[in-house]
Amino acid sequence: METEIDKILEEIENLVASSNRVPFLDKVMIDDVELFRLMDVLRSELPRQIQEAGDIVSRRDEIINAAQMEADRLVDGAKREADQTIERANAYAQKAVDENEIVVRAKEQEKAIMDQTMAAAQQMKDETEQYATQLRTSADDYANQIFDHVLDTVNSVLQAVQDAKGQLNNQQ
């Protein structure tokens, strides 16, 4: 993925490479107007690249927030389902108590339903949190890759500018 900054750096390199050499001095005469134009373009491009990196971080946060909201929604749904199941179990248990013959069996079933519901809710919560953590890790990795690329580009630009300045100062 060649960025605009990479293209500008290549133009600077080409400018230096195609410039006339000063005999006996191992120096290069560079068109300073063209060099300054390229440096101005580079200065205007760097903030855009940095903004793009910031946008990627913002998108990562949006994904994490969406995953957290989805996790919360799933947990809330599981709790509602558990509450409904508990209500049904309580109603069933009360009926069993009223009928007195199946009290023991009703309590056992109520406990089994409660255990199953709580286990299912815990499993859903664990899976959702694991998914959110995985999304967060992936987003962090992607953001780090973008920052590494921006840092490499900025370092390349800085080195090219320092080299050009050194060559310009060596001509004097």
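The values are calculated or read from the model by the stated rules, or taken from the named source; none is laboratory data. Since the model is a prediction, treat every value here as computed from it, not as a measurement. Virtual Cβ from ideal backbone geometry, glycine too; neighbours counted across all protein chains shown. When the accessible area is computed, the model is the full protein with side chains, heavy atoms only, and any ligands, DNA or RNA have been set aside. Shrake-Rupley method; radii C 1.70, N 1.55, O 1.52, S 1.80 Å.
When a 1.4 Å probe is rolled over the protein heavy atoms, the share of accessible surface on the chain that falls to carbon and sulfur comes to 52 percent. Probing with 1.4 Å while keeping every protein chain in the model, the per residue accessible area of the chain equals 70 Å².
Net charge dipole, the chain: roughly 240 debye, given to the nearest 20, about the Cα centre with Cβ charges of +1 for Lys and Arg and -1 for Asp and Glu. Taking a sphere under 15 Å around the Cβ of Tyr142 and counting the other residues whose Cβ falls inside, with K and R at +1 and D and E at -1, yields a net charge of -4. Net charge of the neighbourhood of Lys125, taken over other residues with C-beta under 11 Å away and scored Lys/Arg +1, Asp/Glu -1, is -4.
Karplus-based coupling profile of segment 9-23, in residue order and whole Hz: 4, 5, 5, 5, 4, 5, 4, 5, 5, 8, 6, 6, 8, 8, x, with θ = phi - 60° in 6.51 cos²θ - 1.76 cosθ + 1.60 and x standing for Gly or Pro. Kindly identify the chain as rounded, prolate or oblate by the Cα gyration tensor criterion: order the square roots of the eigenvalues as a ≥ b ≥ c, call it rounded if a/c is under 1.5, otherwise compare a/b with b/c, prolate if a/b is larger, else oblate. The shape class here is prolate. Quick one: check the C-alpha center-to-center distance for segment 1-77 versus segment 125-142, whole angstrom. Here the two parts' Cα centres lie 29 Å apart.
The H on the amide N of Val28, modeled in the peptide plane, is under 5 Å from the matching H of Val22, each at least 5 residues off or on a different chain.
In sequence order, segment 79-85 has phi-based couplings of 5, 4, 4, 5, 4, 5, 5 Hz under the Karplus curve 6.51 cos²θ - 1.76 cosθ + 1.60, θ = phi - 60°, and Gly or Pro positions carry x. Here the 3J(HN,Hα) profile of segment 142-154, calculated from phi with Karplus coefficients 6.51, -1.76 and 1.60 at θ = phi - 60°, is 5, 4, 5, 5, 5, 4, 4, 5, 4, 5, 4, 5, 4 Hz, Gly and Pro shown as x.
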